[in-house]
Each structure stands twice: as C-alpha cells, then as structure tokens.
Amino acid sequence: MRRAPRSFVFTCHFDAHIPNSGFVGWLASEIKRELGSGVFVVCGHNRQRGGIFDYWGVPGEIATGVLQLIEKLRLQPTADQTNAVLP
C-alpha cells in the first residue's frame, strides 16, 4: 500500500484593520520562487477572533524551509520603508 505524502499546515492571521489584499498570491509566489513548491490555501474570516485567517499547506519535506522563509520575510521592511512587517 502506498503512503500518502505528508503536508505541513500553518496559519497566517491578520487583524481586521490590517489590509491584506494580495497576500495569498504574494506569499505563494515567494514560496514557489525560493523553494520551488506550490501551496494549498484555505481562507476564512472569523469576526469573533478578529479578522482574516489563512490556513496554508506545503509538502512536509519543505516545512523548515518555509518557516525560515516566512521569518526572513517578516523581518524585511516593506517596500515603502516603514517599520511595518508581516504579522
């Protein structure tokens, strides 16, 4: 019997007041460019918990690389050079 490939699932959360239009496409493109992998994403909104939630899935074998990439991106200043970073 063949084993199903394992996926790593993580979440991204944005407070309701933070604009996040285009985030899914942008991060998916960064993961593809840096690690060569596609993603799957389930998006949702929970008003009681304060905003938008994205649940991301990637192949398990690149989980560490994805987390390292996200941390690197979080620490980079935004294009307008403000102090804002990814949540």
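No value in this document is a laboratory result; all are computed from the given coordinates. Please read these numbers as outputs of a predicted model, since none were measured by experiment. Methodologically, a virtual Cβ is constructed for each residue, glycine included, from the backbone with ideal geometry; neighbour enumeration extends over all protein chains shown.
Full extension of the chain segment joining Lys32 with Ala4 gains 7.9 nm, where the gain is 0.36 nm per residue of separation less the Cα-Cα distance. Considering only the other residues whose Cβ falls under 12 Å of the Cβ of Leu69, what net charge follows from Lys and Arg at +1 and Asp and Glu at -1? Taking every Cβ under 12 Å from that of Leu69, the sum is +1.
Once the Cα atoms are used to define both axes, helix 63-75 deviates from the longest principal axis of the chain by about 10 degrees. Using alpha carbons only, the radius of gyration of the stretch 7-75 set against its Kirkwood radius gives Rg/Rh = 0.97. Angle of helix 23-35 to the longest C-alpha principal axis of the chain, folded into 0 to 90 degrees and rounded to 10: 50°. In terms of surrounding Cβ atoms within a 10 Å radius of their Cβ, His17, His45 rank from fewest to most as His17, His45. Could you work out the relative contact order of the chain, using alpha carbon pairs under 8 angstrom and six or more residues apart, expressed as a whole percent? Once normalised by length, the contact order is 33 percent.
Amide H contacts under 5 Å for Ser7: Gly60, restricted to partners 5 or more places along the chain or on a different chain, H placed in the peptide plane at 1.01 Å from N.
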